[in-house]
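Below is one structure, written out as structure tokens; comments come after it.
The values are calculated or read from the model by the stated rules, or taken from the named source; none is laboratory data. Worth saying up front: this structure is predicted, and the values here are computed from it rather than measured. All Cβ positions, even for glycine, are placed from backbone atoms using ideal geometry, and neighbour counts span all protein chains on display.
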Amino acid sequence: MKPTKKVGLHKAIWLITLVPLVIAWLMAYSGFGLPTTTKNNGILITSGVYVPEALTQIQQGKWGLLVISDDCNTLCQQQVYRLQQLHKSMAKQHDRLQAIWLSVQDEEADSDNLSVDIDFTRVQKVNNNDIFNWFNQQSFSWQDQSIWLIDPNGILVMQFLPELTGRQIMADIKWLLKASRIG
């Protein structure tokens, strides 16, 4: 009787090992049982979209948070202020982020017309027509004053629409920083 118990035990071990693998394979290929929603609040960008080298250098090896404007209206100013507040609210992680405001206006034109208080030690203002033109060539809709997230390697990762709250944006960023060892 002992050999029969041993054979039965081996079969049970194989079943315990293989059944979850077969179920996972069926779920992956059929899609059955997979969640239909995502965890992120922002819009994931198609993989492999690298920003210009000049923008990657501005990030200084950090994750980049970017607002783009050609004329900084009220919504733009609110988004730049939100960018600053997101950077401040990241507590210990704030040194892994670089807040960037890309504008085609000269320094004084935008800075003098602000109705919000921007701390330019937290938000780096950049005037670079080449980077600005790159976003236009890529057909990204930056005109809605979205906040863009760029990884330290220069890959465009997410777009955060203006409708999102700071908490929603911060939740995505915190999750990415926790999951990532870079930056």
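Quick notes on this structure:
- Residue that is modelled with the highest pLDDT [pool: residues in the stretch 123-141 that are closer than 21 Å to residue 161 by Cα and in a loop (DSSP other than H, G, I, E, B)]: 138
- Unmet requirement for residue 159, which otherwise passes all of (1) at pLDDT 90 or above; (2) in contact with a Lys or Arg (Cβ under 7 Å, 6 or more places away or on another chain): (2)
- When the stretch 34-49 is filtered for residues that are surrounded by 13 or more Cβ atoms within 10 Å (Cβ to Cβ) and either modelled with pLDDT of 95 or more or touching a helix residue (DSSP H, G or I) at 6+ places or on another chain (Cβ under 8 Å) (or both), the ones remaining, listed by number, are 40, 41, 42.
- Filter pass, residue 129 being more than 22 Å from residue 178 (Cα to Cα) and either touching a Cys at 6+ places or on another chain (Cβ under 8 Å) or of a type in the set (S, T, N, Q) (or both): yes
- Put simply, of 135, 120 the only residue that is in contact with a strand residue (DSSP E or B) (Cβ under 8 Å, 6 or more places away or on another chain) and farther than 14 Å from residue 59 by Cβ is 135.
- Meets criteria (over 18 Å from the mean Cα position of the chain (by Cα) and of a type outside the set (Asp, Glu)) for residue 126: yes
- Residue match in the stretch 142-154 (condition: on the phi > 0 side of the Ramachandran plot and surrounded by 14 or more Cβ atoms within 10 Å (Cβ to Cβ)): yes
- Residue identified as in the same structural domain as residue 52 (by TED's automatic domain parsing) and touching a residue at least 40 places away in the same chain (Cβ under 8 Å) among 151, 117, 71: 151
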